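Asks: Structure provided below as structure tokens; questions to follow.
The values are calculated or read from the model by the stated rules, or taken from the named source; none is laboratory data. Only a predicted model underlies this, so the values are computations on that prediction, with no experimental measurement involved. Here the Cβ is made from the backbone with ideal geometry for all residues, glycine too, and neighbour counts use every protein chain on show.
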């Protein structure tokens, strides 16, 4: 049993994971691509861990206790015995991907084509690198060589394999460093006797040399014939699997080119709310880049929703009218009616002229509701939706209902205004709450300072109104709400946001 000292909380997530696995006496090994182990432990590449299936339940509990979350492919195969877990490392701010295996299901790049009998070989023949159990080089050489020639026998892998010839030579030489080939041959005889020694030696020599691609393909066919007993699928089922993979890829490319992973716990709608100059746009962009680099994710702006085919004529007409009538933004006061989408004011009936304002408010509510309900359906499919701003139900709050009924007013114009106010209220009531809300706050003095730094984009009277209105944001039913102080430097704010989101996903 390996004895290690307790790691501090400032240790990286990978360090804490390995320490915990060792203390629990989990039988595991980092079983492939160990030449790149430093990059894997830094979170730049996958951490490929093979775990004895008897230890798998306990290993999964350990991953969960350290904040790792299970993920699956949204489209394409999710083969048994292969698990994807992601954890957030506060030290590096990387998402650590633990690619967890309980069987050696490997082979071609796009489909896991072979179930090889190497679990015992890789778990029993290990050495330690910084406390991590790593497959011994002779054992990895056996697996690496057979994996590469399975790929050389795949038409779809050939373009990549042709480009990788130099790196393959580097890796096969690294695997033989300070080890005799005879050690690998002894393991081959014990664990995979269907591959005879001369064939294996020829494969190793071919990887080391600069032989033409055609020679490697011929050798690959021999290897694959011997390994046919370990093939996962028949030829027909393999073609069906490729059809599933490429169908998923075509749909992805024709769509938004999102990543294919989704969290097993399901999707989530994450909203950033707060006054202007609190850092919403910056944090929305940062969060989208962080999570969107791994998971299926879309960013939407609920403050400025796109028009639908139904509302486009109305929005176009009102936009032309607004250009002719709207006052300069810097001179706007909270009690002045406007057709600007971002006006945070509560509006009362002031005569027939208020009907245009009411119509614009209802159209805006319709577009917001439509955008959010479409996004909700994507959440149901596992996607993460990031919202720049989010409506509440409080009349006059930012991005929320604007119209206040006037029950004491009489006349057809007042009645029509009240109907529009009720319709607007109904539309906002049909908007479901987000799953996670980050309420960004900053002092008014800091907001004004930031506004001046961006050339006074907003007038100070307008900024004060927005600041006041943003304090009242509330939407019943929201499960996780976090107050984020953005007075602190951006790196600290960014870390706090990531911790809050990852904790709640």
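Asks: Can residue 351 be described as under 20 Å from the mean Cα position of the chain (by Cα) and more than 21 Å from residue 308 (Cβ to Cβ)? Walk me through how you get there before you give the answer.
Replies: Values: under 20 Å from the mean Cα position of the chain (by Cα): no; more than 21 Å from residue 308 (Cβ to Cβ): yes.
No, not satisfied.
Asks: If you take the residues in region 197-214 that are more than 19 Å from residue 173 (Cβ to Cβ) and loosely packed, with under 13 Cβ neighbours inside 10 Å, which one is modelled with the lowest pLDDT?
Replies: Residues of region 197-214 more than 19 Å from residue 173 (Cβ to Cβ): 197-199, 212-214.
If we keep only those that are loosely packed, with under 13 Cβ neighbours inside 10 Å too, we end up with 198, 212-214.
Values: 198: 95, 212: 88, 213: 91, 214: 91.
In this case the residue turns out to be 212.
Asks: If you check residue 302 against the conditions, is it under 30 Å from residue 75 (Cβ atoms), modelled with pLDDT of 85 or more and surrounded by 16 or more Cβ atoms within 10 Å (Cβ to Cβ)?
Replies: Working: under 30 Å from residue 75 (Cβ atoms): yes; modelled with pLDDT of 85 or more: yes; surrounded by 16 or more Cβ atoms within 10 Å (Cβ to Cβ): yes.
Considered against the rule, which asks whether it is under 30 Å from residue 75 (Cβ atoms), modelled with pLDDT of 85 or more and surrounded by 16 or more Cβ atoms within 10 Å (Cβ to Cβ), residue 302 comes out as yes.
Conditions tested, residue by residue: (1) over 22 Å from residue 474 (Cβ atoms); (2) buried (at least 18 other Cβ atoms within 10 Å of the Cβ); (3) modelled with pLDDT under 85; (4) under 13 Å from the mean Cα position of the chain (by Cα).
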site	(1), (2), (3), (4)
241	yes, yes, yes, no
254	yes, no, yes, no
267	yes, yes, no, yes
273	no, yes, no, no
277	no, yes, yes, no
283	no, yes, no, no
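Asks: In region 410-431, what count of residues is obtained for those that are surrounded by fewer than 16 Cβ atoms within 10 Å (Cβ to Cβ) and assigned to a loop (DSSP other than H, G, I, E, B)?
Replies: Looking only at that region, the number is 3.
Asks: Where the second residue is assigned to a loop (DSSP other than H, G, I, E, B) and at pLDDT 95 or above and the first is within 19 Å of residue 438 (Cα to Cα) and lies in region 283-305, which pairs have Cβ atoms under 7 Å and are six or more apart or on separate chains?
Replies: 297/383; 298/383
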